[in-house]
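Worksheet: the structure to be examined is printed underneath.
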Amino acid sequence: MSEPYGQSGRILAAIVLVGLLIGCLIWAGATVGDLTETQYPDETDVTPEPAAYVGDEVALGGYVVDTDPVVIATRASGYGRFTLVDANAQLRTDNAPLERGDRVTAFGTLEDDSTLVVERTLTREPTETRYMILASALGGLWVVGRFVRHWCIDRTALAFAPRKRSRSGRSDRGNGPRGTGTRPTARANDRRADQSQTDSQRSDAHRDQGDRTATRGEPRA
């Protein structure tokens, strides 16, 4: 059966699917808690030169390093500190007050080079990120294992082909001359053939003996 598009069609389809996958990853990674925040400057823009964004609406992400008042650091080293005004009052994802080490994304107006008047505050637990990564990794390994078990690469056709299996569900290699799948059956057939041959020989011998006995008992002419 001929393929409608051939190898070039499969290669083109693979390129398109990989491109869509990469695009989805980039799009998903660019989204934050609030989609409207993506159009505003973030911590990567504001931290190097905060004075240039005074009076503008920005979205700053970082870790809480102090709680009274709430201060975040936009860098893991502690650099890029900003005081968040009304951060707890505008918290949208949790009712508990912010604590040190919390991951925070705050949206609001930059009042000066180190103060942000918050309009919305979002938090994310570190366990959520770890759970997402672990679940994705386990799901990916399960899918790869299933694929490798049931499919192989046909290099001549540049395509994936199902692995060949016998009717019993075992590999064909196990039923070959070196395997153990056909040996018991072959031995049983040989024993039956030998037994039949022996029985036939015994029947012929008994028949000959009966003929000789009958001949001896006949009266001479």
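The values are calculated or read from the model by the stated rules, or taken from the named source; none is laboratory data. None of these values were measured; they are calculated from a predicted model. Cβ coordinates were reconstructed from backbone atoms using ideal geometry, including for glycine residues, and neighbour counts include every protein chain displayed. Protein only, heavy atoms only, side chains kept; ligands, DNA and RNA dropped before computing areas. Shrake-Rupley method; radii C 1.70, N 1.55, O 1.52, S 1.80 Å.
Might you let me know whether segment 145-155 holds any residue that is modelled with pLDDT of 70 or more, of a type outside the set (A, V, I, L, M, F, W, C) and not in a helix (DSSP H, G or I)? Taking every residue of segment 145-155 in turn, at least one turns out to be modelled with pLDDT of 70 or more, of a type outside the set (A, V, I, L, M, F, W, C) and not in a helix (DSSP H, G or I). Please indicate, with yes or no, whether at least one residue in segment 20-37 is open to solvent by 70 Å² or more (accessible area, probe 1.4 Å), of a type in the set (Val, Ile, Thr) and either within 30 Å of Ala159 (Cα to Cα) or modelled with pLDDT of 90 or more (or both). Within segment 20-37, one or more residues are open to solvent by 70 Å² or more (accessible area, probe 1.4 Å), of a type in the set (Val, Ile, Thr) and either within 30 Å of Ala159 (Cα to Cα) or modelled with pLDDT of 90 or more (or both). Scanning segment 46-56 for residues that are outside any loop (DSSP other than H, G, I, E, B) and either small (Gly, Ala, Ser) or touching a residue at least 60 places away in the same chain (Cβ under 8 Å) (or both) yields a count of 4.
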